[in-house]
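A short write-up of the structure that comes next.
The values are calculated or read from the model by the stated rules, or taken from the named source; none is laboratory data. This is a predicted model, so every value here is computed, not measured. Cβ placement follows ideal geometry from the backbone for every residue including glycine, while neighbour counts extend to all protein chains displayed.
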Amino acid sequence: MKALVAYGSRYGTAAEIAEEIARFIQEEEVEVDLVDIRRIKDCDATPYDLVIVGSGIKMGKWTKGSLKFLNNNKSSLAEKKVALFVSCGAANEEDSQAEGQEKYLDEVAAKNLVNQPVATGLFGSVYDPDAKHGIAFNLTKRFFKKDLEKKGLDPTKRHDFRDWEGIRSWALNLTDLLKNER
């Protein structure tokens with residue numbers, strides 16, 4: 001059994017999630033290749049039994065590399081078990097999770113995959129006021145600050161909203177699915 005975890009990450013949040021997914025799957029005695037899509041020109045999904053593709057979300061969009069990977073491998077992914085995940089702020093709040101699921105996972109799957117994915121993961125984000133962000137983040141930073149203050153959180157500090165146990169459980173479910181289909 002062989003799995004590919006391919007991801008696009010702008011600030012490292014999705015990369016850390018992909019690394020944890022790969023580590024957890026590998027612990028289940030599945031051979032795993034972890035690929036940062038920005039670091040390779042082309043990646044072929046053909047040799048894998050399970051393909052997991054993830055992206056960070058910035059301004060409502062997947063990374064270009066992750067979408068390009070899905071598009072370039074559309075026909076071979078039709079023959080594979082495919083799972084998608086994103087790291088985004090929509091996962092941080094219960095009232096925005098359904099919208100995040102639809103916009104960032106369901107719509108992307110419908111546009112870029114022949115078949116429905118075997119799993120989708122909507123994982124939280126990281127707020128880091130000291131990270132280098134683009135102009136769009138800087139323009140909206142005050143809204144993030146106000147939101148954090150409403151929740152009683154210090155907006156001058158880094159906050160990790162990812163549910164690591166949920167991420168590990170998601171990865172374990174994928175390995176179970178892979179092993180049970182053998």
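Some values worked out for this structure:
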quantity	calculated
Given (1) surrounded by 15 or more Cβ atoms within 10 Å (Cβ to Cβ); (2) modelled with pLDDT of 90 or more; (3) not basic (Lys, Arg), number of the condition Ala90 does not satisfy	(2)
Test: residue in the range 49-62 that is without any contact (Cβ under 8 Å) to a residue 40 or more places away in the chain and more than 20 Å from Leu105 (Cα to Cα)	no
Number of the exception - Ala119 against (1) modelled with pLDDT of 95 or more; (2) on the phi > 0 side of the Ramachandran plot	(2)
